[in-house]
Amino acid sequence: MSTANRGVLASYEYLDATVDAIKELRKEGFEEITAFAPFPEHHIEHALGYTNSPIRIFTLVGGLTGMATGLSFTVFTAMDWPLVVGGKPILSIPAFVIPTFEMTILFGALFTVVGVFWNMRIPDIRAQVVYDPEFSGGRFGVYVTAPADRLGQARTILESQGPARLQEDEEGAAHG
Amino acid sequence: MATVTEKVDRATATHPDVSSYTEVNTDILAMLSRPGKWWWILFGLSVAGIGLLAFSWGNQLINGIGLSGLNTPVGWGAYITTFVFWVGIAHSGTLISAILFLFRARWRQSIYRAAEAMTVFAVMTAGLYPLIHLGRAWHAYWLFPYANQRMLWPNFRSPLVWDVFAVTTYFTVSSLFFLLGLIPDIAAARDQSRPGTLRQKFYTLTAFGWRGTDRQWHHFGKAYLFLAALATPLVLSVHSVVSWDFAMSIVPGWHATIFAPYFVAGAIFSGVAMVITLMVPIRKIFGLEKYLTVRHFDAMAKLILVTGLIVFYAYLNEFFMAWYSGEDPERRVFWERLFGHYWWATWIMLICNGLIPIMLWFKRVRHSIAALFVLTIFINIGMWFERYVIIVTSLSTEFIPFAWGIYRPSVTEMGIVIGTFGWFFFWFLLFIRLLPPVALAEIKEVLPPPMRPKPRQEVPR
């Protein structure tokens, strides 16, 4: 189905125009919408109906993995060659808390970064079909894909909000 | 249709002179193209500093650690002092980027990128010192926790092993935090650089194909929040662990429970001072007055004032506790600090960190960029001497009078200490030329969003 889709990309100067365009498109039943913005804009996120991000799972799993690694590593090495140092117990848990804590943070951060790259679908440095260099400057963008027969309607909605630039995309794959 | 109702009040006061998003890009990205005379002068000085470092350290590697002034009883001297100094400097970057992010402090936006870069480069500088101090730097991999050939593992009860974990984790996490935050801004640099140039290729690679889609921003925002939440306890832990390198031993003057909070406060105190020292010339050279306003400096000065008071309280508390403990060696170390061989270092520390910051109570001082610049240099000097006092005075007069001794930094040590400042500034200066040194996206976030011009409604006057 998606092979028959085509896309249209509109660049806007104004935030309210962008949000209105997204809302109008969603009201008319267009679901494959990608919005572009120069900064994280929560009105756009609300308009697209975002709730939670799976990143938190990555962070949690990473943190727990790190904690398990740190604790088992310190405990294992102490048990592997039981040697009393400074009259302290072989399993000096309070001392082991510190490497364990650092490993929790380290793994949590590493997993978070892996998770965010995975979810953002980057790195992807191929030539960008659907893009306007102004999106990192000051403009907002709305890209919508639709079957060929509904494309005209999507185009009309995007045009009604007064875009600064309108581009048609022949391929229409879900680029976002 | 008024679907977006949020108005200008978001933070117009933060950057009242910046009117549009594109202006932010133009102003900040211009820093990447025009280095100017002062940049080259400073860069030349840093390269000279690296030369001094290479010469001094190379000399020490060939001829041995005997070239330093380190000997019994003072086995830790200028190297460990400067290690702690740079780790401390690093802390304010994470404070500004992570802790103030969680507290939603609006004034952090324009300074946090440079502060974060400072963190990464300061840890890189600090990381040199364990290697330098080792003497035989080619054995540096012994620091990492692996079993020796008889399967004996390192002792995880030792604060020095904790330090390896803390500092490497801190370096990794702060670099990740820094590089992740840079991606959208590198994309902006990519979109604005001329096609086909080397710069454009560099930014295309390092932007990883960022396009600023809703999906990317959504996950990016969440990841940034979690990284900030992870970095916050981390930053507090790192300098605590560094302080335990001292406090876990029974050396008089070191064995105190106040050390962890005392060191963390001192780290933030010196780090924020360093941010001001760095930002004042950058603001001047690159004309960033619109972005780094007096308000930003005022907020940082207040941070210095608060942490400075904590540090000064810790000083007084140390002296009181030494007297109150009734322990002879403890009392003597603190007496020696004030009136002994190293009295000058202690008084530099007390005056620079205790008395000079008192001036920050006055709004006129906080609002004078020149005054802040001078004052923060004094604080940086004072904080270096704080670590010097703690390390050297305690070790030189431990328990047995027979074993007392005087330490004096050698020329090699001074060359290395001065040289690593060149190393730090080398990376920092390259950073402000190659990567956007002010966070474009976050500044845009606090600017009033552009709205469609309203249909004209004449207001009767």
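Specify the residue that is farthest from B:Phe156 (Cα to Cα); the eligible residues are those in the stretch B:227-279 that are more than 21 Å from the chain's Cα centre (by Cα) and within 12 Å of chain A (Cβ to nearest Cβ). The selected residue is B:Ile250.
Provide a single number: the residues in the stretch B:136-161 that are surrounded by 11 or more Cβ atoms within 10 Å (Cβ to Cβ), aliphatic (A, V, I, L, M) and closer than 19 Å to A:Val75 by Cβ.
So the count comes out to 3.
Only one of the numbered conditions (1) more than 7 Å from chain B (Cβ to nearest Cβ); (2) part of a loop (DSSP other than H, G, I, E, B); (3) touching a helix residue (DSSP H, G or I) at 6+ places or on another chain (Cβ under 9 Å) is not met by A:Pro82, and that is (3).
Checking A:Glu24, A:Glu28 one by one, the residue that is surrounded by fewer than 16 Cβ atoms within 10 Å (Cβ to Cβ), of a type outside the set (A, V, I, L, M, F, W, C), more than 30 Å from B:Trp162 (Cα to Cα) and more than 9 Å from chain B (Cβ to nearest Cβ) is A:Glu28 and no other.
You will find that of B:Phe431, B:Phe426, B:Phe385, B:Phe402, the residue that is touching a Gly at 6+ places or on another chain (Cβ under 9 Å) and not polar (S, T, N, Q) is B:Phe426 and no other. Considering every residue within the stretch B:385-396, establish whether at least one is at pLDDT below 85 and more than 30 Å from B:Lys290 (Cβ to Cβ). Among the residues of the stretch B:385-396, not one is at pLDDT below 85 and more than 30 Å from B:Lys290 (Cβ to Cβ), which makes the answer no.
Test A:Thr145 against the criterion of being hydroxyl-bearing (Ser, Thr, Tyr), surrounded by fewer than 19 Cβ atoms within 10 Å (Cβ to Cβ) and more than 8 Å from chain B (Cβ to nearest Cβ), and give yes or no.
no
A single member of B:Met248, B:Met274, B:Met279, B:Met300 is among the hydrophobic types (A, V, I, L, M, F, W, C) and over 19 Å from B:Ser368 (Cβ atoms), and it is B:Met248.
Screening the candidates B:Gly64, B:Gly88, B:Gly58, B:Gly36 for the property of being more than 14 Å from chain A (Cβ to nearest Cβ), under 26 Å from the mean Cα position of the chain (by Cα) and at pLDDT 85 or above yields one hit, B:Gly88.
Applying the condition of being surrounded by 19 or more Cβ atoms within 10 Å (Cβ to Cβ) and under 30 Å from A:Gly29 (Cα atoms) to the stretch A:49-100 and asking which residue is modelled with the lowest pLDDT yields A:Ser53. When each of B:Ser368, B:Ser410 is tested for being out of contact with any helix residue (DSSP H, G or I) (no Cβ under 8 Å at 6 or more places or on another chain), at pLDDT 90 or above, farther than 30 Å from B:Arg331 by Cβ and not aliphatic (A, V, I, L, M), the lone residue that passes is B:Ser368.
For the stretch B:162-196, residues that are aliphatic (A, V, I, L, M) and at the interface with chain A (Cβ under 7 Å from one of its Cβ atoms) total 6. What about A:Ala17, is it over 22 Å from A:Gly152 (Cα atoms), buried (at least 22 other Cβ atoms within 10 Å of the Cβ), in contact (Cβ under 8 Å) with a residue 12 or more places away in the chain and assigned by TED's automatic domain parsing to the domain that holds A:Asp149? In short, no. The residue that is nearest to the other protein chains (Cβ to nearest Cβ), counting only those in the stretch B:427-450 that are touching a Leu at 6+ places or on another chain (Cβ under 9 Å) and surrounded by fewer than 17 Cβ atoms within 10 Å (Cβ to Cβ), is B:Leu434. Condition check for A:Ala95 on (1) under 13 Å from B:Trp217 (Cα atoms); (2) in a helix (DSSP H, G or I): one failure, at (1). Note on the stretch B:197-209: residues that are in a loop (DSSP other than H, G, I, E, B), crowded, with 18+ Cβ neighbours inside 10 Å and more than 10 Å from every other protein chain (Cβ to nearest Cβ) amount to 0. Scanning the stretch A:101-136 for residues that are at the interface with chain B (Cβ under 7 Å from one of its Cβ atoms), surrounded by 22 or more Cβ atoms within 10 Å (Cβ to Cβ) and among the polar types (S, T, N, Q) yields a total of 2. From the list B:Thr5, B:Thr26, the lone residue that is out of contact with any Leu (no Cβ under 6 Å at 6 or more places or on another chain), at pLDDT below 70 and among the polar types (S, T, N, Q) is B:Thr5.
The values are calculated or read from the model by the stated rules, or taken from the named source; none is laboratory data. This structure is a prediction, so every number in the text was calculated from the model and none was measured. So basically every Cβ, Gly included, is an ideal-geometry build from the backbone, and we count neighbours across all protein chains shown.
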